[in-house]
1. Kindly indicate whether Ala252 is surrounded by 21 or more Cβ atoms within 10 Å (Cβ to Cβ) and either closer than 22 Å to Val373 by Cα or not assigned by TED's automatic domain parsing to the domain that holds Asn482 (or both).
2. Taking the range 3-62 on its own, how many of its residues are more than 42 Å from the chain's Cα centre (by Cα), part of a helix (DSSP H, G or I), modelled with pLDDT under 75 and of a type in the set (S, T, N, Q)?
3. Please work out which residue is modelled with the highest pLDDT, limiting yourself to the range 216-242 and to residues that are closer than 17 Å to Asn257 by Cα and loosely packed, with under 14 Cβ neighbours inside 10 Å.
4. Output the qualifying pairs, or none if there are none: Cβ atoms under 6 angstrom, residues six or more apart or on different chains, first residue in the range 506-525 and within 23 Å of Ala341 (Cβ to Cβ), second residue at pLDDT below 70.
5. Which count do you get for residues in the range 116-141 that are surrounded by 15 or more Cβ atoms within 10 Å (Cβ to Cβ) and at pLDDT below 80?
6. Given the conditions (1) modelled with pLDDT of 95 or more; (2) in contact with a helix residue (DSSP H, G or I) (Cβ under 9 Å, 6 or more places away or on another chain), which single one is not true for Lys391?
7. So which of Ala390, Ala384, Ala351, Ala368 is in contact with a Pro (Cβ under 6 Å, 6 or more places away or on another chain) and within 19 Å of Leu468 (Cβ to Cβ)?
8. Scan the range 302-338 for residues that are acidic (Asp, Glu) and over 12 Å from Arg374 (Cβ atoms) and report the count.
Amino acid sequence: MTGTAALLAALGAVAIGFGLLSALLALLQPFTDPLWIAGNLVVGVALLGTAVFMSLDTLRARMRSGSGRRAGKYGTSAVASALLGVLILSLLGFLSTRYSHRFDVSEAGVHTLSQQTTELLAGLDRDVSITAFFSESEAPPIQALLDRYAFASDRVTLRFVDPNAEPALVEELGLTSEDLARGVVRFALESGESTTLSEFSEPDVTNALRKLLKSTGKKVYFLTGHNERETVAGPGDEGDWANGPDTWGRAAGALVNETYAVEPLLLAARGEVPEDASALIVAGPTRPLLESEILAIERYVARGGSLFVAIDPRAQTNLYDLLEAWGIRLGDDVIVDRALALFGQATTPMAAEYDAEHPITTLLREPAIFPMVRSVELDPAAEADFTILAKTGNESWAERDLEASRTTGRIEFGPEDLPGPVPIAVAGSPHRASDAGHPDPHGASAGEAAPGRIVVFGDSDFATNEYLDALRNRDLFVNSINWLAGDVEQIAIRPNVSRASTFQMTQEQFRLIQYLSLFVLPEAIAVLGVFTWWSRRQGSVGRAAGAGGGR
């Protein structure tokens, strides 16, 4: 065979060869798709059949005729394409002088202001002047960030000052040489209120603006004394956040960035949750609470307080009865998901489904990661108003025969297990009546139903330093506290942080990569080789024909 028939025959042989190879590998790799095998075989046979019945003489004659017309046609097309390209570039250049638009092609979108920041700037009702004191050589990095703020709002004016060029202004504002050595950004209102900043990331700048414009003045307490997750580095080091991978230091810092004051609470010593508590956080306790502490928490919620609880699987705490009294049941289980999990780690599932109506999750689109999470179910008979915030994937389940799994080392779905999607977080109000003698600070008198709020997660690892910035874990945690504290307007998708580009693979995605590497890519290389061989063969035939004609 020669010409196109030879090409089709070679391609058919490649398809049949890879079909047979795939069939052989299917005996060793159960994930091999039978459609891939059948498709290769069918296409291969069809190509070979076409090659056999093709008329080589007719094809060769058609291919060699009209070469001059084709050259003219292709040449005219090339000239027209070049002229069109020049015209389009000229038009784009003209439009760029009339209109401006910014593009961000970074993987994490780190050069685009977050929704939280853009909403703050869109809601400005006062002019804000930003003055940055930097030498000319040090200005570019922070200028790129601050330019985005000035670009996003007409109420923001930006000015860069070289301290060496305007010493009088530096002296008037009382800036020290130590401040100027690090660089200083000053935010000021027309009324004279101002604040300075020496940390230059988007969360820092946005936080400074929010504090200047509308500080919440609210306080969040972290319960201590029961081996909860640490938030500070040690005794007397409040504000020096714990930096271990299993601590909640960065979570506490995230709340400070939302303008909340954060303090630890040793409830056994205080006796009652303070009246100024906007929310109480119980993060991963592993030791029992005193009965008096449980009663204090119950009274706090009954009088309108807000409670955040995160309890890991099999944690040795005695909060279960209190939560069940409110209609919340934490399962004695561990959720397994072999399809939608971090790098295929079945006990590190992702939240696959959020409640689209609840303020905490209405803006969330990307999943969050939950290492070793338990189920959180609602009692339908309870007189409570709760919503399931997040669920795992359809192929997940809550494994409840933990002892057998530990003994055999195998985890399989059984009749006692809870099939997915499995709820892992809830939020709402227990609608319990206030205790006598404890009036509701929101206005309800003793004996009336109080609007207490509760958020419960079946895992505390998701907000640790190790996982807080993974996918949307930070937003899920901080949005929960915003809702508990009554700051629904602060709920948003927060700034992305610059990070190495990563890809979180599910089992299906991993299998797809296996197919690409074992079948698709090698076959594509083989097809390219066939085209190269055929092209060279055609060139050789042409040269041979030319030489024969010359003789």
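1. Values: surrounded by 21 or more Cβ atoms within 10 Å (Cβ to Cβ): yes; either closer than 22 Å to Val373 by Cα or not assigned by TED's automatic domain parsing to the domain that holds Asn482 (or both): yes.
Yes, satisfied.
2. 2
3. If we filter the range 216-242 for residues that are closer than 17 Å to Asn257 by Cα, which is where we start, we get 216-222, 231-232, 238-242.
Imposing the further condition that a residue be loosely packed, with under 14 Cβ neighbours inside 10 Å reduces the set to 217, 239-240.
Working: Gly217: 71, Gly239: 49, Asp240: 77.
Looking at the filtered set, the residue picked out is Asp240.
4. Partner pairs satisfying both residue conditions: Arg511/Phe31.
5. Here is the first cut: in the range 116-141, the ones surrounded by 15 or more Cβ atoms within 10 Å (Cβ to Cβ) are 116-121, 124, 128-134, 139.
Narrowing further to those that are at pLDDT below 80: 116, 139.
So the count comes out to 2.
6. (2)
7. Numbers: Ala390 fails: in contact with a Pro (Cβ under 6 Å, 6 or more places away or on another chain); Ala384 fails: within 19 Å of Leu468 (Cβ to Cβ); Ala368 fails: in contact with a Pro (Cβ under 6 Å, 6 or more places away or on another chain).
Result: Ala351 is the single residue among Ala390, Ala384, Ala351, Ala368 that is in contact with a Pro (Cβ under 6 Å, 6 or more places away or on another chain) and within 19 Å of Leu468 (Cβ to Cβ).
8. Pass one, the range 302-338, residues acidic (Asp, Glu): 312, 321, 324, 332-333, 337.
Going one step further and asking which of them are over 12 Å from Arg374 (Cβ atoms), we end up with 321, 324, 337.
Result for the range 302-338: 3.
The values are calculated or read from the model by the stated rules, or taken from the named source; none is laboratory data. From a predicted model like this one, the values you see are computed outputs, not experimental measurements. Neighbour counts are summed over all protein chains in view; Cβ atoms, including those assigned to glycine, are modelled from backbone coordinates with ideal geometry.
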